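Novice: What follows is a structure written as structure tokens; I'll ask about it next.
Read-outs: derived from the displayed coordinates by stated rules, not from any lab. Since this is a predicted model, take the numbers as computed values, not measurements. Note that each Cβ is placed from the backbone with ideal geometry, even for glycine, and that neighbours are counted across all protein chains shown.
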Amino acid sequence: MVNPIDLPPMPDSITGEPRPPRAPRIYHGTEYTPVKRSPRKPPEAPDHLRPTLEWLQPTVRDKYTSALSMVLLLVVYLTVLNGDFRWVHWWIMWVIMAVGAWMMFRATANHWTAAGASWVQWRSSWVDTYHLTRIRFSADGYSRVLRLKDDHGNEIHSFKISDIQGNPDLWDLVYNGILHSVASGNCDIDAKTRHILKIPYELGPRPTRSERIRGRRRRW
């Protein structure tokens, strides 16, 4: 069994040093925390766990791209459904497109992700990454997500892996906390989640043989 003292240490809560090593990833995002601007209207970070060391937020271009994608999807759907472009004369369709584009624009703006040395935040929800008591990998619609809960009762119910791993430095901070939580022996993590996150089975309480087999047979 790997001893917690063999793991990379928790970074200093103020400076973020030393930074953890690169963590394994499913989604290979390449966006980094901007250094030339502050985030736009970020949610309040946990008061006692500040400061924010890394963050990821959709750009204005990302929001317009999402809105345009919604419009194009509706255009294709209506054209295929009717077999022609007669729908362009139906004013209600243009209203639906406008509303759909606006909703997608606003929804994309809410994709706020941030992390400090020992915490991670998704929108307004946050957890203490070094005191996690439950970690689960799941699917939420078409998205792969993590469900996290800490020993204070804080919970992130559906954390998109594409968002949390979109910023490599942010994911490194979170993953180091996950490793320490698992090593503590107080974290409920199943074999499937261990397999997806590439957490050594030797770390923390070892899963039963049946759990290991189920975890390795899963393909996501």
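Novice: Using r as the Cβ-Cβ distance of S143 and H89, and R0 as 25 Å, what FRET efficiency do you calculate, to the nearest 0.05?
Specialist: 0.10
Novice: Using a Förster distance of 35 angstrom, determine the FRET efficiency expected from the C-beta separation of T30 and M10, and round it to 0.05.
Specialist: That gives a FRET efficiency of 0.85.
Novice: Now for a different question. For a quick check: with amide H placed at 1.01 Å from N, whose amide H comes under 5 Å from R134's, ignoring anything fewer than 5 positions away on the same chain?
Specialist: Long-range HN contacts for R134: K149, D188.
Novice: So how long is each side of the stretch 118-174 along the principal axes, counting just the alpha-carbon atoms, biggest first, in Å?
Specialist: Per principal axis, max minus min of the Cα coordinates gives 30, 24, 18 Å.
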